[in-house]
Structures are given as structure tokens and as C-alpha cells.
Amino acid sequence: GENVEQHPSTLSVQEGDSAVIKCTYSDSASNYFPWYKQELGKRPQLIIDIRSNVGEKKDQRIAVTLNKTAKHFSLHITETQPEDSAVYFCAAGGSARQLTFGSGTQLTVLP
Amino acid sequence: EAQVTQNPRYLITVTGKKLTVTCSQNMNHEYMSWYRQDPGLGLRQIYYSMNVEVTDKGDVPEGYKVSRKEKRNFPLILESPSPNQTSLYFCASRMTDRGNSPLHFGNGTRLTVT
């Protein structure tokens, strides 16, 4: 089955700096790569997703890049703000496959 | 409002006492799933259902049962809970059984088994 590895497990950045979280996946048939944000005590919520026919996708301060050849994808958050502090999960799946999640990254934005 | 509703939010029980966590969605989604979340392990899938009366094991099904008698409901049953099932549980749903549509999560159930 699919295996998703996510790094780093914890990340601290200064407010205004950029944050990058990276994930690798094992199943070359995966074609859907969502990112979820989970604030403390709350449910995971989708923040951005990308499909394999696209190399990059942006939504305001958030962007995701995908390298299908290398089987890795990354989340980029620019101009970080304290409200960006949360746990972020990547996932891989698609077609008839289940979504497999990474182990999560605790992002802390320091004021 | 479109949502996935789980109950209860918090549950403390003792080893061996059967319990059920309910999950209901009002979006007419075909696919529903249960995950458990443990520190450092991310979200691990317990069971999933692609439609009514169709269920299958995820990555960590031992000690759990599910049923899907109606499209909107997908209860998680622990016949004989044990302390290693202490965890945060999430129910989720999506439109189709294909893995390339967004998952919608419930608010979670924090279970403690003593």
C-alpha cells in the first residue's frame, strides 16, 4: 500500500518568515495530494490540494508543489502569522485508492 | 449546514464495556471512514465504507467494528475496549469512493479507556 513520510515533525519560524513542509510517497499511481490543517482541539480541515496533472498550485499565502518523478510534494506558507500555528498533515491517494496521511508537522509561528 | 456529526465528543469508559461512537453526515456522501489520531502517528484509518452495506478494513481495524445500514450513518463499535484504544477518533466522509475528492471530518471523539 501507500506510504507517506512527512518532515519535519516540528517546525518553528519567526512571524513573517516562510515555512516549508515536505512529504514523500511511495505509490506512483497516487494522483491526489491534499493538505490539512488541524488547530489545537479541532478537526483537520482541507487547506489546499493538488492533482497530478498540475505541478504547482497557489492560494494566497499557501502554495503546494508536486514532483511526480521524485514522488514528493511540499507545502509552502509565506509571510507566516501566529494563526498559522497548527498541525499540518499531508496525504496521498486517488482513483480507487484510500487517502494515506503523513504523521503531521507541528508548526509554531513565533511572534 | 453541511457537516459530519460525531457523538459523544468525550467518553471515559472502563476496559471491556462495549461502546458505540456515532457518526452522521448530511451531504449524501457515498464514502465514510473512521480514523484514530495518536501523537507522532498521524491519522490512521480504522475502517471505511464505500456505500451502504459495503465496509472494509483500514490499516488498524483490530478491536473495532462498523456498520453501514444507512447512507448517512456510520457508527464505530468497540465490543470490548482496552486501554490501547485510548485515542482521538475522527469520522470523515467524501462524495465518492474515489480517493481524489476532499474529505470532510467530524469534530472528533476523545476516548479514554481505563
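Annotation: peptides B:26-37, B:5-16, B:49-60, ranked by per-residue average of other Cβ atoms within 10 Å with the highest first, follow the order B:26-37, B:49-60, B:5-16. Note on the stretch A:22-111: the alpha carbon radius of gyration divided by the globular reference 2.2 N^0.38 Å gives 1.07. Distance from the Cα centroid of the stretch B:1-65 to that of the stretch B:74-94 is 5 Å (rounded to whole angstrom).
Within 10 Å of the Cβ of each residue in A:42-51, the mean number of Cβ atoms contributed by other protein chains is 4. Direction-averaged projected area, Cα convex hull, the stretch B:1-54: 5.3 nm², rounded to one decimal.
The alpha carbon radius of gyration of the protein assembly as shown, expressed as a multiple of 2.2 N^0.38 Å, is 1.02. Where does the charge balance sit around A:R61 when Lys and Arg score +1, Asp and Glu -1, over other residues with C-beta under 15 Å from its C-beta? Net charge in that neighbourhood comes out at -4. Answer rounded, prolate or oblate for chain B, using the Cα gyration tensor with square roots of eigenvalues a ≥ b ≥ c: rounded when a/c is under 1.5, else prolate when a/b is larger than b/c, else oblate. It is prolate, given that a/c is not under 1.5 and a/b is the larger ratio.
Share of antiparallel DSSP beta bridges in chain B, in percent to the nearest 5? That works out to approximately 90 percent antiparallel.
Laboratory data are not the source of any read-out in this text; all were calculated from the coordinates shown. Given the structure is predicted, the values throughout are model-derived calculations rather than measurements. Methodologically, a virtual Cβ is constructed for each residue, glycine included, from the backbone with ideal geometry; neighbour enumeration extends over all protein chains shown.
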